[in-house]
Amino acid sequence: MKPGLEVTVLGEARCTRGGALSARRRASLCSCSMGRKRQVVRARGISQPLPLWMRLYFYGMHGLTLDVLSSCMRRLPHSHDYQLLGFSSPYRCLLHALAHLALEKIYLQRKSFPDNALAFHFVFYPSVFVGLQILLRKTLLQSCPQERALSAAELGLQYALAIYYSQVFLRSVLRLRYQGGEGQPSAAPRLPLILRFIFFGMHGFMDEVFFTSAFNLLEKPGSAVSGHTSLWSFFMYGSCSLVVERLFFYLCYGRGWGAWRRLPVYILFVYTWELSWGLGLRTCNACSWDYSHYPLNFMGLVTLMYLPGWIFLSFYQDLLSKVLLRIRYV
């Protein structure tokens, strides 16, 4: 081979190797960059506030819970009823969701009062809150049953609720973050046990109010849509759902069981839980349900007539557990 040709070939070989190394280096840098971008996306996913639909869900459920509590407390001094019944309706739940979404927008304007935080939290926001409640009662809620007159005591209660929403509820909800996407949930601490218990308890109130509202509407078509529940249901549903949540994580992620394979375990536990609570509450005359007039009942405390409803709630509980797994309190 001629010397000039040899030098040319060696130069081309070096260029080829250099090009290959450069291509590999670029691929490596690109891979690192993609990895960093994915980490940034995950981090941004963790820092996202709760989606609009989720906040509406929380606001409606929380407002319905306050309806149940307030109506029960009003009845208790006069009835001495240990069943602790409270009332609300799906219609009121929807109004609570929309009204408190509007109040959230007002609350977010607190930064416009940097030198007058006390005036905002104890004068401006409560005034808007109470004014909105008066407007709703005079218009959309005028025909609702169990609606109270706007007495001085009622206005005082609404003012106290406004302070609670401003200082406790909205401040807590707006600290919640949701990790969207299909990736694995973050290793950051999930919702504390007490917050999940409160969520499941409030959800139990909503389930029973919606269920009894539908039954009342079927029994008395044309009547006002209203449902009821018992304060005991908060503790019954809250504790039951926490155990079912643990079963879901163990059977689904630990054992790899599918939904239909987990279902019999859920149903067996739910019926056992309902029977146990019913027996305990019946001993102190506080049990709010009696299924003796239904077929396929046992001691009037459980009935297979409600099996389709429990199946639906069991599947829905799995969805709730997956959603709560992605919520972080920061």
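For segment 188-330, divide the Cα radius of gyration by the Kirkwood radius and give the resulting Rg/Rh value with two decimals. Can you show the working numbers first?
Details: Rg = 16.3 Å, Rh = 16.4 Å.
Result for segment 188-330 is an Rg/Rh of 0.99.
Work out the FRET efficiency for residue 259 and residue 194 from their Cβ-Cβ distance, taking R0 = 30 Å, and round it to the nearest 0.05. Walk me through the numbers on the way to the answer.
On the way: r = 28 Å, r/R0 = 0.94.
Taking R0 as 30 Å, the efficiency between residue 259 and residue 194 is 0.60.
How many nm is it between the label spots at residue 215 and residue 279, if each spot is 7 Å from the Cα in line with the beta carbon?
2.3
May I ask you to compute the full-extension gain from residue 163 to residue 312, defined as 0.36 nm times their residue separation minus their alpha-carbon distance, rounded to one decimal in nm? The partial results should precede the final answer.
On the way: separation 149, 0.36 × 149 = 53.64 nm, distance 3.73 nm.
That pair, residue 163 and residue 312, stretches by 49.9 nm at full extension.
Could you give the length gained by full extension between residue 52 and residue 286, i.e. 0.36 nm per residue of separation minus their alpha carbon distance, to one decimal place?
Numbers: separation 234, 0.36 × 234 = 84.24 nm, distance 3.83 nm.
Stretched fully, the residue 52-residue 286 segment lengthens by 80.4 nm.
Restrict the search to segment 193-279; then list the trypsin sites (Lys or Arg not before Pro) that DSSP places in a loop and that have at most 11 other Cβ atoms within 10 Å of their Cβ.
Working: sites: 196, 246, 255, 261, 262; in loops: 255.
Passing sites in segment 193-279 are 255.
Tell me the label-point distance for the pair residue 322, residue 98, using the 7 Å Cα-to-Cβ offset, in nm and rounded to one decimal.
The two pseudo-label positions are separated by 3.0 nm.
Would you please state the base-10 log of I(q)/I(0) at q = 0.12 1/Å for segment 45-329, with intensities from the Debye formula using one equal scatterer on every alpha carbon?
Debye curve over Cα of segment 45-329, log10 I(q)/I(0) at q = 0.12 Å⁻¹: -0.88.
Taken together, the values in this text are just the output of simple stated rules run on the coordinates, not laboratory data. Every value quoted in this text rests on a predicted model; they were computed, and no experiment measured them. Note that each Cβ is placed from the backbone with ideal geometry, even for glycine, and that neighbours are counted across all protein chains shown.
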